[in-house]
Structure formats: structure tokens, C-alpha cells
């Protein structure tokens with residue numbers, strides 16, 4: 001079944017490729033630069049989204065560690081501590 005589907009996809013792709021006419025188009029360096037910017041921006045966006053949701057993904061997979069065991073996460077911010085208030 002998989003071999004039949006693969007052969008059919010190759011035949012259709014080859015047929016469409018044989019019917020294609022040449023495109024006499026010009027792509028200047030600005031177009032290439034824009035394509036590169038879109039690709040790099042997409043990669044950066046995926047990296048930022050992954051950074052935001054990494055803890056949720058680990059929790060969903062059951063691999064999330066205890067926040068108290070992670071250095072820096074269990075400590076309170078000095079902005080939340082009542083000892084650092086100056087308006088006593």
C-alpha cells in the first residue's frame with residue numbers, strides 16, 4: 001500500500017514537472033534578503049515561544065522538576081519581601 005502511494009506520488013509529481021513552463025522572472029538581491037529575514041524571524045519566533053512554554057511541555061510529559069530544587073526559582077524577589085520595604 002505504501003509503495004503504491006509512493007509510486008503514484010512520483011508519477012504525479014513527474015507529470016506536473018514535465019508540464020511546467022519556464023518562468024522568466026527576476027529575483028533581485030532584495031528579495032533574497034527578505035526571504036532570509038522571514039526565515040530567521042520565524043526561527044527566532046519559534047525559539048521564543050519554546051522558551052515561554054518549555055516548563056509546560058516538561059510538565060505535560062511528566063519530566064518537570066520540583067521548582068524548590070531548581071536554584072533561583074525558590075528564592076523570593078527582593079520586591080516581594082517585607083524586609084526591603086522603605087515605607088514602614
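Just so it is clear, none of the values below were taken in a lab; they were calculated from the coordinates. Not measured: the values here are computed from a predicted model. Methodologically, a virtual Cβ is constructed for each residue, glycine included, from the backbone with ideal geometry; neighbour enumeration extends over all protein chains shown.
Protection proxy ranking, highest mean first, for peptides 40-47, 18-25: 40-47, 18-25, where packing is the per-residue count of other beta-carbon atoms within 10 Å, averaged. With viscosity 1.306 mPa s and temperature 10 °C, the Kirkwood radius over alpha carbon pairs of the stretch 1-49 converts through Stokes-Einstein to a diffusion coefficient of 109 µm²/s.
Could you calculate the contour length gain from residue 57 to residue 16, that is, 0.36 nm times the residue separation minus the distance between their Cα atoms, to one decimal place in nm?
On the way: separation 41, 0.36 × 41 = 14.76 nm, distance 4.14 nm.
Between residue 57 and residue 16, full extension yields 10.6 nm more.
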